[in-house]
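Derivation of every value follows stated rules applied to the coordinates shown; laboratory data play no part. Bear in mind that the values here come from a model prediction, so they are computed numbers and not experimental data. Positions of Cβ are backbone-derived with ideal geometry, glycine not excepted, and every protein chain shown enters the neighbour counts.
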Amino acid sequence: MVKICCIGAGYVGGPTMAVIALKCPSIEVAVVDISVPRITAWNSEKLPIYEPGLDDVVKKCRGKNLFFSNEVEKNVAQADIVFVSVNTPTKSSGLGAGKAADLTYWESAARMIADVSKSSKIVVEKSTVPVKTAEAIEKILTHNNKGIEFQILSNPEFLAEGTAIADLFDPDRVLIGGREETPGGLKAIKTLKDVYAHWVPEERIICTNLWSAELSKLAANAFLAQRISSVNSISALCEATGANVTQVSYSVGKDQRIGSKFLSASVGFGGSCFQKDILNLVYICECNGLPEVANYWKQVIKINDYQKNRFVNRLVSSMFNTVSGKKIAILGFSFKKDTGDTRETPAIDVCRGLLSDRAQLIVYDPQVPEEQMMKDLSMPKFDWDQPSGSTTIQIDEETVRKSVKMVHNAYEATKDAHAICILTEWDEFKSLDYKKIFDNMPKPAYVFDGRNVVDVGKLRQIGFIVYSIGKPLDPWLKDMPAVA
Ligand code: UDX
Ligand code: UDX
Ligand code: ADP
């Protein structure tokens, strides 16, 4: 029986291992983490992350061939394959601050694996890491030469939050990178391939060298983010010209060479991966003497920041250049629908922008806990584009506590609000009773839709002044000062 241990019970490690356990009853899977509350939650009725379909998968395997534990060293020592799925945030100080990946957690995991291992193991990079990390990890693993063989594989995860289980059940591809040039490397690649082959068709399992696998993950995320910045840049031009971004992206996406997916204009992309991975790519380019390439990719993040600023400016300028003391209902705080995750959510920047203009915010999100939101809004934000150590607008905790409130439904949030800001595309925001909402708001009543979820025509008929990203402007907004 093959034994798998995964270090890191997060958004990637948890769901991935649960699906491996479900699809491979003959494999025993232990997911370990240093965090006691996380493991306790994984062993409870309320899992630590919200992900459609995950509860079902965990319930079917937990206690049979899927275990969650804080006994990190014991489980690593017993495993044949060790996945490393710890967090790799962007460095916030020192060399490469603001761009390079912080590999502290990775390094300590690798040292621990080296120390506790008594038998040969395959060590799999699951979290996204900078290209050539495997080389560094290899050095750490082999430093205390105990005659144990370690094979390093890179097996980046492509799941998206909110659809993680469907993505894992039916992936476009599984990517396995290893030392193809050695017999040991080839054997390790085959061992991992056999795990996925339990449910993934062979032609979708791609095997490459280590560096190609590591770089493919960064490149894939950079390409995806680039599509969003491309359509978002066009959304600004649509507003200026009277074109409709939904019509433009539909027409563009019909070209099979371009494809229709991932072309929805929005208030900006968020999530733990896109910005971090692009910054990482930028840093690697700079370190390799490729400043033109670095600048090309930086532009994707600059447009994303621009889009968030543009949204705030549009809102403030539409409301007579001030939101001071005005009540703004924020619908949606997570970085996309069907997740409670708020990492890098555009809602953080938009809310901070409004708070710096002294607005009162009433937030509703079906999944984000209030404490998480409060923490996100009061945390100093690192400015990736400034010299090391500098921060952008800082809203202190007291202001956040005084000016932000979270409520339990959209009707409560919008009651007496001067404006509604839709920042996440939760399905329920499409079918709200907007007439009832309108009747409970002071006039003029505004809707700023950062996700193109509302029916603009219908809302204008009700009486709202509506701004929707990339859509022809409301006559009211046309007369307002231009937005940079
Ligand atoms: C992403 C990648 O999709 C996934 O393959 C990788 O493994 C991790 O990073 P994730 O961040 O979970 O996944 O979600 P994703 O669906 O990619 O959305 C990222 C952000 O882009 C969200 O804020 C989303 O709202 C935004 N987005 C997405 C748009 O603004 N427009 C789109 O058309 C698509
Ligand atoms: C292009 C558009 O494809 C077409 O839809 C539009 O109507 C006119 O412009 P064309 O310029 O004839 O057509 O050729 P295309 O196949 O798009 O190639 C343009 C250039 O890109 C060529 O130099 C081609 O070699 C290059 N190319 C294309 C690449 O370098 N890599 C690719 O993957 C594809
Ligand atoms: P991701 O989205 O990549 O899955 P998360 O932050 O959700 O990232 O999860 C990473 C997990 O890794 C966290 O739960 C963290 O406690 C855990 N972790 C970090 N370092 C170690 C370590 N050395 N040993 C065990 N677990 C670790």
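For region 1-153, count the residues as N, evaluate 2.2 N^0.38 Å, and divide the Cα radius of gyration by that value, please. If you can, show how the numbers build up before the last one.
Values: Rg = 15.6 Å, N = 153, 2.2 N^0.38 = 14.9 Å.
Normalised Cα radius of gyration, region 1-153: 1.05.
The relative contact order of region 242-478, computed from alpha carbon pairs under 8 Å that lie at least 6 residues apart in sequence, is 21 percent.
Amide hydrogen proximity for residue 208: with H placed 1.01 Å from N in the peptide plane, the residues at 5 or more positions away or on another chain lying under 5 Å are 176, 177, 178. Viscosity 1.002 mPa s, temperature 20 °C: give me the Stokes-Einstein translational D for the chain in µm²/s, with Rh taken as the Kirkwood radius over C-alpha pairs. For the chosen part, D equals 89 µm²/s. Along region 353-361 the Karplus relation, 6.51 cos²θ - 1.76 cosθ + 1.60 evaluated at θ = phi - 60°, assigns HN-Hα couplings of x, 5, 5, 5, 9, 6, 7, 9, 10 Hz to successive residues, with x for each Gly and Pro. Sparse packing (at most 14 other Cβ atoms within 10 Å of the Cβ) combined with a DSSP loop state is found for the following trypsin sites (Lys or Arg not before Pro) in region 1-58: 46. Close amide H pairs (under 5 Å, H built 1.01 Å from N) link residue 66 with 29, residues at least 5 positions away or on another chain. Remark on region 215-303: Rg and Dmax equal 14.2, 43 Å (Cα only).
Ordering 288-300, 343-355 by mean Cβ neighbour count within 10 Å, with the highest value first, yields 343-355, 288-300.
Highest mean packing first, where packing is the average number of other Cβ atoms within 10 Å per residue, the peptides 306-313, 72-79 line up as 306-313, 72-79.
Provide the gained length on full extension for the span residue 293 to residue 317, in nm with one decimal, where the gain is 0.36 nm per separating residue minus the Cα-Cα distance. All intermediate terms of the calculation are to be shown ahead of the outcome.
Values: separation 24, 0.36 × 24 = 8.64 nm, distance 3.60 nm.
Full extension of this stretch gives 5.0 nm more.
Packing here is the average count of other Cβ atoms within 10 Å per residue, and on that basis the peptides 189-199, 211-221, 398-408, highest first, run 211-221, 189-199, 398-408. A simple spin-label model places pseudo-atoms 7 Å from Cα toward Cβ; at residue 199 and residue 219 they are separated by 2.9 nm. Taking each residue as 0.36 nm, the span from residue 407 to residue 104 lengthens on full extension beyond its C-alpha to C-alpha distance by 105.3 nm.
Let me know the shape class of region 242-478, please: from the alpha-carbon gyration tensor, a ≥ b ≥ c as square roots of the eigenvalues, rounded when a/c is under 1.5, otherwise prolate if a/b is greater than b/c, or oblate.
Working: a/c = 1.86, a/b = 1.27, b/c = 1.46.
Since a/c reaches 1.5 but b/c is at least a/b, the shape of region 242-478 is classed as oblate.
Put simply, the amide H of residue 452, placed in the peptide plane, has neighbours under 5 Å in 469, leaving out anything fewer than 5 places away on its chain.
Counting lysine pairs in region 1-123 that sit 8 or more residues apart in sequence, or on different chains, and whose Cα atoms lie under 12 Å apart gives 5. On the principal axes of its alpha-carbon atoms, region 112-212 has extents of 41, 27, 24 Å, going from largest to smallest. Taken about its Cα centre, the chain carries a charge dipole of about 440 debye when Lys and Arg each add +1 at the Cβ and Asp and Glu each add -1 at the Cβ. Structural descriptor for the chain: relative contact order 13 percent, calculated from alpha carbon pairs under 8 angstrom and at least 6 residues apart.
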